[in-house]
Amino acid sequence: MKKVFLAGLFVTLPIAASAETYTIDPAHTYPNFEISHLGFSTMHGRFNSTKGKIEMELGKSGSVDIVIDASSIDTAFKKRDEHLRSPDFLNTAEFPEITYKSTSVKFKGDSKATVEGNLTIMGVSKPVTLNVTSITCGNHPFNKKPMCGFDAEATIKRSDWGVKYGLPAIGDEMKIHLEAEAVKE
């Protein structure tokens, strides 16, 4: 009788949903930035190598862990990219990675969120809030694997991370955009 009661109890208990893990697809993830160039124009750049994980229970909870290869910076001009890798800017020989690790995620329905976390550039970690403007999940139309896409943005002052070369001629304020796709594990 006790066994039947216990079995019935387990059947009637609600099953708690749990966070699912998604691995960043480096071929479809684009961390990029824009910054004032001498006050004349806006320069754009991106990083070509990114990895990481996103865990989430859509609309409820989540975490973000992104690692960017700092030396993969690409502004479509080789000489400038080499200078951006130097100690004047990112010092990629000493600090090869830029990381972002979330501390909290607050969903706004199922398609938007605010992510609080720490951005580390050149060994300096500072809090940064990512505004996630789009979350789209579903099965990939070609390989049928479950995946999610994210668009996020933030604005930082590069000098807060010790990147001060060329100030104020080269802008201090940088807009950061992260377009990411991630495949469910």
| Boolean, residue 135 is aliphatic (A, V, I, L, M), under 17 Å from the mean Cα position of the chain (by Cα) and more than 19 Å from residue 23 (Cα to Cα) | no
| Could you say whether any residue in the range 79-96 is modelled with pLDDT under 95, of a type in the set (D, E, K, R) and either assigned to a strand (DSSP E or B) or touching a helix residue (DSSP H, G or I) at 6+ places or on another chain (Cβ under 7 Å) (or both)? | no
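Does residue 55 satisfy the criteria of being within 30 Å of residue 164 (Cβ to Cβ) and either exposed (fewer than 15 other Cβ atoms within 10 Å of the Cβ) or within 21 Å of the chain's Cα centre (by Cα) (or both)?
Details: within 30 Å of residue 164 (Cβ to Cβ): no; either exposed (fewer than 15 other Cβ atoms within 10 Å of the Cβ) or within 21 Å of the chain's Cα centre (by Cα) (or both): yes.
Taking the combined requirement at face value, the residue does not satisfy it.
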| task | Test residue 63 against the stated conditions and say whether it is hydroxyl-bearing (Ser, Thr, Tyr), within 19 Å of the chain's Cα centre (by Cα) and either surrounded by 13 or more Cβ atoms within 10 Å (Cβ to Cβ) or farther than 15 Å from residue 151 by Cα (or both). | result | yes
| task | Select from the range 36-45 the residues that are surrounded by fewer than 17 Cβ atoms within 10 Å (Cβ to Cβ) and within 19 Å of the chain's Cα centre (by Cα) and list them in ascending order. | result | 44
| message | Any residue in the range 25-40 that is more than 19 Å from residue 121 (Cα to Cα) sitting within a Cβ distance under 9 Å of a residue that is part of a loop (DSSP other than H, G, I, E, B) and among the hydrophobic types (A, V, I, L, M, F, W, C)? List the pairs, counting only those 6 or more apart or interchain. | response | 36/169; 37/169; 38/169; 39/169
| query | Are there any pairs with C-beta distances below 9 angstrom linking a residue in the range 153-179 that is free of Cβ contacts under 8 Å to residues at least 24 places away in the same chain and closer than 15 Å to residue 127 by Cα to a residue that is surrounded by 13 or more Cβ atoms within 10 Å (Cβ to Cβ) and among the acidic types (Asp, Glu), with the two at least 6 apart or on different chains, and if so which? | reply | 157/172; 159/172
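The values are calculated or read from the model by the stated rules, or taken from the named source; none is laboratory data. What you see is a predicted model; the values in this text were computed from it and never measured. So basically every Cβ, Gly included, is an ideal-geometry build from the backbone, and we count neighbours across all protein chains shown.
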